[in-house]
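K.L.:
Pasting a structure here, questions to come.
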Amino acid sequence: MMTELLFRDDAYAKSATAKVVAVHERGIELDRTVFYPVGGGQAGDTGALIRATGERIPVADTRKGEAIDSVLHIPAAGTPQLESGETLTLEIDWPRRYALMRLHTALHVMSCVVVAPVTGGNISPEKARLDFDIDMSLLDAARIERETNALIARAIETETVWITDEELDARPELVKTMSVQPPRGAGRVRLLKIPGIDLQPCGGTHVRNIAEIGAIRVLRIRSEGKRNRRVEIGLVGAA
Ligand SMILES: [Zn+2]
C-alpha cells in the first residue's frame with residue numbers, strides 16, 4: 001500500500017487528516033501521512049493519531065513498510081486497536097521534528113566544510129553526526145564550527161529538485177554518502193539543493209532557509225575505525 005507522503009512536499013506540515021488503510025502487528029498504515037519514517041539517518045517521527053471521539057493514540061515511532069512509500073505508524077504499547085476506514089487527525093511532535101530538520105540541514109552544510117567521502121550519519125533530536133573517511137589530523141573542531149556557521153549565516157533558501165535515475169547515474173559525484181545509496185526503483189530521485197553550497201540525493205526533511213539552523217557547535221570528534229572519523233554536532237542554544 002502506497003501512502004501519500006505529505007512531508008515530502010511540505011516538511012512544515014504538522015497535522016493532517018487521514019484514513020486508516022490497514023492495521024498490522026507492526027504498525028498502522030494510513031492513506032496519507034505527515035509522519036516521517038526513519039530513514040537516511042533521520043529518526044522517525046513521534047506524535048499522536050486522534051480519533052473522531054477525541055481519543056489520542058500516541059505514536060512512539062514511524063518506520064518504512066515493505067512496499068515503496070509505505071509507512072508504518074507504531075502506536076505506544078497498550079493503546080486501543082484502530083479500525084480500517086476510520087478517519088483520524090494526525091499530529092507530529094513538531095518541536096522534536098523541527099530540531100531534526102535543523103540538524104539534518106546542518107549536516108548538509110557541514111558536509112561541504114569537511115570535504116571527504118561520507119561513510120555514515122545519524123540525526124536524533126539532540127545531536128547529529130557524520131562519519132568521514134578522512135585522516136584525523138584534518139578534522140579541527142573549531143574550524144568546522146566556524147566555517148559551517150559562516151555558511152549558515154549566508155541565509156540561503158533550500159530547494160527540492162527531482163531527477164531521473166538515469167540522470168543520477170550520469171552524475172555519480174552527487175552521491176557523497178558511500179553507505180547510504182539513494183532509494184531506487186521509483187524512477188526518480190529527490191535531491192536537496194542549497195544553491196552554491198550543496199546538492200545531493202536526500203529523502204529527508206529540511207528547513208526552508210538555512211538561517212533557521214541558527215548555529216551549530218561541534219560536540220565531539222572521535223575515531224570509530226580507519227574509515228570512520230565521527231563528527232558530532234548540536235544546535236547552539238538547544239537543551
Ligand atoms: Zn537531507
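K.L.:
Might you let me know whether the range 73-81 holds any residue that is under 15 Å from GLN42 (Cβ atoms), at pLDDT 95 or above and in contact with a Ser or Thr (Cβ under 7 Å, 6 or more places away or on another chain)? Please lay out each step first, then the result.
P.N.:
Looking only at the range 73-81, we keep the residues that are under 15 Å from GLN42 (Cβ atoms), and these are none.
Checked against the condition, which is being under 15 Å from GLN42 (Cβ atoms), at pLDDT 95 or above and in contact with a Ser or Thr (Cβ under 7 Å, 6 or more places away or on another chain), the range 73-81 yields no hits at all.
K.L.:
Then there's this: Among the residues in the range 192-199, are any surrounded by fewer than 14 Cβ atoms within 10 Å (Cβ to Cβ), modelled with pLDDT of 95 or more and within 29 Å of GLU4 (Cα to Cα)?
P.N.:
no
K.L.:
Then there's this: Give the residues of the range 203-218 that are closer than 18 Å to PRO125 by Cβ and within 10 Å of the ligand (Cβ to nearest atom), sorted by residue number.
P.N.:
GLY204, THR205, HIS206
Results for (1) closer than 19 Å to HIS206 by Cβ; (2) part of a loop (DSSP other than H, G, I, E, B), shown as yes or no for each residue.
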residue	(1), (2)
ALA60	no, no
LEU82	no, yes
LEU90	no, no
ARG97	yes, no
VAL115	no, yes
ARG129	yes, no
ILE134	no, yes
ALA142	no, no
LEU151	yes, no
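K.L.:
While we're here: Looking at ALA106, ALA150, which is the one that is within 20 Å of ALA211 (Cα to Cα), aliphatic (A, V, I, L, M) and away from the ligand (no atom under 14 Å from the Cβ)?
P.N.:
Every option except ALA150 fails the conditions.
K.L.:
With (1) open to solvent by 40 Å² or more (accessible area, probe 1.4 Å); (2) touching an Asp or Glu at 6+ places or on another chain (Cβ under 7 Å) as the list, and ILE50 as the residue in question, which single condition is left unmet?
P.N.:
(1)
K.L.:
I'm told ASP69 meets every condition in (1) away from the ligand (no atom under 16 Å from the Cβ); (2) in a strand (DSSP E or B) except one. Can you identify the failing condition by its number?
P.N.:
The number of the failed condition is (2).
K.L.:
Looking at ARG97, ARG143, ARG171, which one is within 15 Å of the ligand (Cβ to nearest atom) and of a type in the set (Lys, Arg)?
P.N.:
Criteria check complete, one pass: ARG97.
K.L.:
Can you tell which of VAL114, VAL175 is over 26 Å from LEU6 (Cα atoms) and either of a type outside the set (Ser, Thr, Tyr) or open to solvent by 10 Å² or more (accessible area, probe 1.4 Å) (or both)?
P.N.:
VAL114
The values are calculated or read from the model by the stated rules, or taken from the named source; none is laboratory data. Bear in mind that the values here come from a model prediction, so they are computed numbers and not experimental data. Every residue, glycine as well, gets a Cβ built from its backbone with ideal geometry; the counts of neighbours run over all protein chains shown. To get the accessible areas, we keep the full protein, side chains included, count just its heavy atoms, and leave off ligands, DNA and RNA. Shrake-Rupley method; radii C 1.70, N 1.55, O 1.52, S 1.80 Å.
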